[in-house]
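K.L.:
Handing you a structure now.
The values are calculated or read from the model by the stated rules, or taken from the named source; none is laboratory data. Here the structure is a predicted model, which is why all the values come from computation and not from measurement. Surface areas here come from the heavy atoms of the whole protein model, side chains and all, with no ligands, DNA or RNA. Shrake-Rupley method; radii C 1.70, N 1.55, O 1.52, S 1.80 Å.
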Amino acid sequence: MRARPAAGPARPLAPLLRVLAVIAATLALGHWASGPVTRAEAAATATAARWCGLTMVRQLPGTDLVHGFHGHQPFFIRISPSCSALTVAAACAGVSLLVLGGTWHRRLTGAAVAVAVFTAANLVRLVAVLWVGQDYGIPAMVGFHDWGGTLWSYLMLLVAVLLMVALRIKKRRPDES
C-alpha cells in the first residue's frame with residue numbers, strides 16, 4: 001500500500017473549468033443560433049434529397065420544415081435543435097479547442113474536421129429519414145429516425161472524437177524511439 005503525499009494541491013480546477021466552459025458555450029450557441037441554423041439545415045436537407053432523387057421533397061419557405069409524400073399522404077419533418085448538427089458540432093469544436101491538448105494548429109484542425117464530419121453525417125442521416133418516409137411511409141420513417149438515426153449519430157460522434165484525437169498524435173520518425 002502506497003502512502004499518500006502529505007501536502008500539495010489535490011487536482012487543478014483548470015480542466016474542469018474548461019469542460020464547463022465548453023458545456024456553457026455549446027448550450028448558449030445552441031439556444032442563440034438554433035433558428036437560423038435549423039432553417040439552413042432544412043434547406044440543405046431538401047436540396048440534398050432532391051440531388052439523391054427524392055423529387056417530392058421541399059423545404060417550406062422560411063421554416064425548418066421539410067415535407068414529402070408517400071403515395072398521397074404528405075409528411076413533414078421539423079429540424080429541431082436536437083435534430084441539428086449544431087450543438088454536437090459545437091461541442092466537438094469546443095472539446096478540440098479547449099479540452100484536448102496539442103498545438104493550436106492541431107486543435108483548429110481537429111475542430112474543423114470534427115465539425116465537417118458531423119455536419120455531413122447529420123445531413124446524410126436526415127436525407128435517409130426522408131428516403132424512408134417517401135418509400136415506406138410515416139411509421140417506418142419515425143422508427144428509422146428514432147432507432148437508426150440515433151445509432152448513426154452515436155457512431156458519427158465516435159468517429160469525430162477519434163479523428164480529433166488522431167489529429168493530435170505526433171508522428172514519429174522511424175529513427176526516433
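K.L.:
Find the relative contact order for region 42-177 and round it to a whole percent, using C-alpha pairs within less than 8 Å whose residues are 6+ positions apart.
P.N.:
Working: 160 pairs, mean separation 32.5, N = 136.
Rounded, it is 24 percent for region 42-177.
K.L.:
Expressed as an acute angle from 0 to 90° and rounded to the nearest 10, what is the orientation of the C-alpha long axis of helix 149-166 relative to the principal long axis of the chain?
P.N.:
Between the helix axis and the principal axis of the chain, the angle is about 30 degrees.
K.L.:
Here's something else I'd like to know. Rounded to the nearest whole Å³, what is the per residue volume of the convex hull around the Cα atoms of region 101-177? Intermediate values should be presented prior to the final figure.
P.N.:
Details: hull volume 7.6 nm³, N = 77.
Each residue corresponds to 98 Å³ of Cα convex hull volume.
K.L.:
Give a residue-ordered list of calculated ³J(HN,Hα) values for region 86-94 (Karplus: 6.51 cos²θ - 1.76 cosθ + 1.60, θ = phi - 60°; whole Hz; x for Gly, Pro).
P.N.:
Ordered by residue, 3J(HN,Hα) equals 4, 5, 5, 5, 5, 5, 4, 4, x Hz.
K.L.:
Above 21 angstrom, tally the Cα pairs of the chain and express them as a % of all pairs, no decimals. Provide the component values of the computation, followed by the final result.
P.N.:
Values: 9054 of 15576 pairs.
Result for the distance tail: 58 percent.
K.L.:
As an exercise, take the mean of 1/r over every pair of distinct alpha carbons in region 16-90, invert it, and state the Kirkwood radius in angstroms.
P.N.:
13.5
K.L.:
Provide the descending list of Cα extents for region 111-153 along its principal axes, expressed in whole angstroms.
P.N.:
Principal extents (largest minus smallest coordinate, Cα): 37, 16, 8 Å.
K.L.:
Here is a follow-up. Can you give the accessible area per residue of the chain, in Å², using a 1.4 Å probe? All intermediate terms of the calculation are to be shown ahead of the outcome.
P.N.:
Numbers: 11340 Å² over 177 residues.
That works out to 64 Å² per residue.
K.L.:
Separate question: Determine the share of region 32-163's accessible area contributed by carbon and sulfur atoms, expressed in whole percent, with a 1.4 angstrom probe.
P.N.:
Values: 5070 of 6860 Å².
C and S atoms contribute 74 percent here.
K.L.:
Still on this structure: Which value in deg cm²/dmol, rounded to the nearest 500, describes the helix-derived mean residue ellipticity at 222 nm for the chain, given -39,500 (n - 2.57) per DSSP H run of n ≥ 4 and division by the residue count? Don't skip to the end; give the middle numbers.
P.N.:
Values: 5 runs with 104 residues, N = 177.
Taken over the chain, the calculation gives -20500 deg cm²/dmol.
K.L.:
On a 0 to 90 degree scale, rounded to 10, what angle separates helix 104-136 from the longest Cα axis of the chain?
P.N.:
30
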